[in-house]
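Working notes for the structure below.
We did not get these values from a lab; they are worked out from the coordinates using the rules stated. These numbers come from a predicted model, not from an experiment. Here the Cβ is made from the backbone with ideal geometry for all residues, glycine too, and neighbour counts use every protein chain on show.
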Amino acid sequence: MSQATLPQTYPAKHGTDMEDTYAIFPTVEVTRRTVIETGTTALLLSSLPRGALAAGTGQVDPVPTSIALRINGHLHNLTLDPRTTLLDALREHLALTGSKKGCDHGQCGACTVLVEGRRINSCLTLAVMHDGQSITTVEGLAFGEDLHPMQAALVEHDGFQCGYCTSGQICSAVGMLAESREGAPSYVTADLTQSATELSDDEIRERMSGNICRCAAYPNIVAAIRQAMGEQT
Amino acid sequence: MKAFSYERVPSVTDAAIAASKPGVKIIAGGTNLLDLMKLQVETPSTLVDINRLPLDKIEETSEGGLRVGALVRNSDLAADVRVRQHYGVLSRALLAGASAQLRNKATTAGNLLQRTRCYYFYDVTKPCNKRVPGSGCSALAGFNRIHAILGGSEACIATHPSDMAVAMRALDAKVETIDHEGRTRTIPIADFHRLPGHTPDIESDLASGEIVTAVTLPPPLPGVQVYRKVRDRASYAFALVSVAAIVDSVGGRIRSARLAFGGLAPRPWRIAAAEKGLTNAAADARAFGAAADAVLEGARGYGSNDFKIPLTRRTLHAVLGEISRT
């Protein structure tokens, strides 16, 4: 992660390029950027330690917790309110905004990332639960300027309209093909005792059902995955 | 989300000790708990993360069954070769639930202990006896399309949302637990989930300070195993009606049948009389109809969920017909 992509609000950087430390918790400045992006401001405020605001109500004061996450190959040391979801840690604290917040309740899949190679909804897990683990986001899939085959296939097949679900679709599809290569069955697999060799369109659709596309680009997403699947085998 | 303190514990016993304290919630997959915490339906003061405890193995038992650790992920259980070979109904039920991302996170014990998806349980501005005992049930005269037709009470008609538990009910799985004093016990899955009665806030047989360590499956059963789930869309939706069936038949005659139902009741629903009536019966519409009558005895709709009664009947016919043709 280059320093240029760091948000201005989290400037305290120590250590080497491979090990970044951000002092996030105590101070959040409202900058021109966050004022203009009112949605971002609201999100930042929602991640403030609310216990401090509710002093005297008997509520627990959140204790900032220090963790290390290896994200896209880079080690990041973070000190976070334990309420911070993995998605908010990525987006609000590390400026990795490729992973999207759609429903924030595990229903749409826009926040899909790979943890230790497996796809999960980053909105429904706490960052502190992943201390020491490796996470791949959509930002970590490409090799420099060369797109990951799944990214290239989505572009080639026009697998999106507004694009909001796309990074989740891509991470999910990469995870899905890895599961399939390991022989994992799905609800539509006719014979559970056989490992799937090549995925039919029905298999792809069932295995991707956790990723909703409200522009309904599904036919093109399926076509893109089918192509990427062929390139990987 | 209300503020909480976050801890990890070094052992299973420490987790049970922590669970005996007020305000403590155990977190594993977190896919249901965090959802409810964001809505402030759940407001623990302490979260105890047990994800690193050694409860993630699937082992063969001396009786020839399988012992599934509490932390085995739904996707891993569904994909286990032994489960696919001998407990197809369980693998299929797991794969029918949620999405691949959620199954990669959700655990065996968490799936059993997940809360209902009743709209009013989720809406903190509405009365709900399960969330706030004594406040009333909004579903009885409200939107109740997804609600129970069996096993409910005047206090609550919420359904248990799990697919996995329905298959485990058909298999007669057993739930292993440990408490804060180190005592272990085994609970038949039939007794694990409670009916609401006057206390819908109490959903399982677990005591304070008692946590699930494993679920054991019996030795493989003879017969064909099917899990049929009827829902509003083809994937990634909760069951309106589901049937887990294990039927042993030969030459058009049923030797034995096990039938458990999801989407109908506050817990997986299984009626011995329905299965007894099918034993040694010809696999025909008359026998299937009698079985449906037995399952639906005492069923009542609350308006929007009336359709579940004929839907259960038709789904059971379809499943038994499919099995008897194989």
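Would you mind pulling out the separation of the Cα centroids of the stretch A:141-158 and the stretch B:108-130, in Å? So the separation of the two Cα centres works out to 41 Å. Summing Cβ point charges (Lys, Arg +1; Asp, Glu -1) relative to the Cα centre of the stretch A:149-232 gives a dipole of roughly 280 debye.
The simple spin-label model puts a point 7 Å past each Cα toward its Cβ; for B:Asp232 and A:Ala190 those points are separated by 3.2 nm.
Modelled spin labels at B:Gln40 and A:Leu75, positioned 7 Å past Cα toward Cβ, are 4.0 nm from each other. Note on chain B: GNM, Cα springs under 10 Å; of B:Gly298, B:Gly209, B:Gly182, the largest mean-square fluctuation is that of B:Gly298.
Could you list A:Phe160, A:Phe143, B:Phe261, B:Phe288 so that the one with the fewest beta carbons within 10 Å of its beta carbon is first and the one with the most is last? List each step's numbers first, then the result.
Values: A:Phe160 20, A:Phe143 7, B:Phe261 27, B:Phe288 23.
Going from sparsest to densest Cβ surroundings: A:Phe143, A:Phe160, B:Phe288, B:Phe261.
Rg then Dmax, both in Å and based on the Cα atoms of the protein assembly as shown: 24.2, 78. DSSP beta bridges confined to the protein assembly as shown are antiparallel in about 80 percent of cases. The local environment of B:Arg255, defined by Cβ-Cβ distances under 14 Å, has a net charge of +1 under the rule Lys, Arg +1 and Asp, Glu -1. Sorted largest first, the principal axis extents computed over the alpha-carbon atoms of the stretch B:1-155 equal 48, 38, 28 Å. Helix content alone sets the calculated 222 nm mean residue ellipticity of the protein assembly as shown: runs of n ≥ 4 DSSP H residues at -39500 (n - 2.57) each, divided across all residues, give -7500 deg cm²/dmol. If you take all other residues with their beta carbon under 11 Å from the beta carbon of B:Gly142, and give Lys and Arg +1 and Asp and Glu -1, the sum is +1.
Taking the Cα of B:Val81, stepping 7 Å toward and past its beta carbon, and measuring to each backbone N in the stretch A:189-225: which are under 14 Å? Answer for this model: A:193-196. Shape index of chain B: Rg/Rh, with Rg the Cα radius of gyration and Rh the Kirkwood radius from the inverse mean 1/r over Cα pairs, equals 0.96. All other residues whose Cβ lies under 12 angstrom from that of B:Leu94 are scored, Lys and Arg at +1 and Asp and Glu at -1, for a net of +2. Along the charge dipole of the stretch B:1-91, Cβ charges K/R +1 and D/E -1, which of B:Leu53, B:Leu90, B:Gly64 sits furthest on the positive end? In the stretch B:1-91, that residue is B:Leu53.
Report the semi-axes of the equivalent ellipsoid for the stretch A:149-232 in whole Å, largest first, where each axis is √(5λ) for an eigenvalue λ of the Cα gyration tensor. It would help to have the intermediate numbers written out before the result.
Working: eigenvalues 97, 34, 20 Å².
Each semi-axis is √(5λ); the values are 22, 13, 10 Å.
For B:Ala190 and B:Arg145, the difference between the fully extended length at 0.36 nm per residue and the C-alpha to C-alpha distance is 13.7 nm. Find which of A:His74, B:Thr116, B:Ile254 sits farthest along the positive direction of the dipole of the protein assembly as shown, computed with +1 on the beta-carbon of Lys and Arg, -1 on that of Asp and Glu, about the Cα centre. Of the candidates, B:Ile254 comes out farthest on the positive side. Label-to-label distance for A:Gln161 and B:Asp293 is 5.3 nm, based on points extended 7 Å past Cα in the beta-carbon direction.
Separation of the alpha carbons by more than 26 angstrom is noted, of A:Lys100/B:Lys25; B:Lys21/B:Lys126; B:Lys174/B:Lys276, for A:Lys100/B:Lys25; B:Lys21/B:Lys126.
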